[in-house]
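Below is one structure, written out as structure tokens, with a few remarks after it.
A short reminder: the numbers here are calculations on the coordinates, not readings from a lab. On a predicted model such as this, the values are computed, not experimentally measured, just so you know. Backbone-built Cβ (ideal geometry, glycine too); neighbour counts: all protein chains shown.
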Amino acid sequence: MKLALASIAALAVVAPAFAEGNVELGLGYSHFDADGANLDALTARGTYFFNPHVGVEGEASVGIGDDNVGAAKVELDNSLAAFGVVQMPVAERVDLFARAGYASNDYNVDVPGLGSASGSDDGFAYGVGGKVYLNDRFGVRADVTRYEGDDTDADVIAIGGIMKF
């Protein structure tokens, strides 16, 4: 019930933003290089721009591929992040951006004969990227982001589609 009420309240707040074209939603692929483990993820993003240059972004990723590091199997369960975003148009349909914020990554590690462990790694995250719009609403986005975790750092390369509302 609380989730339903929170969702209704959030829709009431963001509905006017959708009408003004200040919102971007995106879906894509992310590759995490987490201290030598190469992990794949499906990533969804939502960005709200206060003006044409400054905004906030939420990001959620779900692991879709694992990696073996030595005898250990490493998986990304999920990654959640919030960023402040600054962007600048460099051509009619091309924007460059920088972002900085906070992220939490949840990993699972399974070592045969020793068992498995899971944990969360939180910390500062920052990155840069670009967007190319194919028309007024649809585009392609690519970015690189560094996650500075408590115990594990990750370099992430992402590409995906975006839609303006």
Percent RCO, i.e. relative contact order, over the chain, from Cα pairs under 8 Å lying at least 6 residues apart: 21 percent
For region 124-165, Kirkwood radius (reciprocal of mean inverse C-alpha pair distance, Å): 11.5 Å
Ranked Phe32, Phe83, criterion: other C-beta atoms within 10 Å, fewest first: Phe83, Phe32
Gain on full stretching of the segment that runs from Ala71 to Val56 - 0.36 nm per residue minus C-alpha separation: 1.4 nm
Whole-number Å³ per residue for the convex hull built on Cα positions in region 48-91: 122 Å³
Cα centre as origin, Lys/Arg/Asp/Glu Cβ charges: the chain dipole, Debye: 860 debye
Simple spin-label estimate for Ala98 and Tyr126 in nanometres, 7 Å along Cα-Cβ: 0.8 nm
In sequence order, calculated HN-Hα J values of region 146-162 (Karplus, 6.51, -1.76, 1.60; Hz; x Gly/Pro): 9, 9, 9, x, 4, 10, 10, 9, 9, 9, 10, 10, 9, 9, x, x, 10
Proxy reagent accessibility, fewest Cβ within 10 Å first, across Glu148, Glu75: Glu148, Glu75
Which of Leu27, Leu39 has the fewest Cβ neighbours within 10 Å, and the rest in rising order: Leu27, Leu39
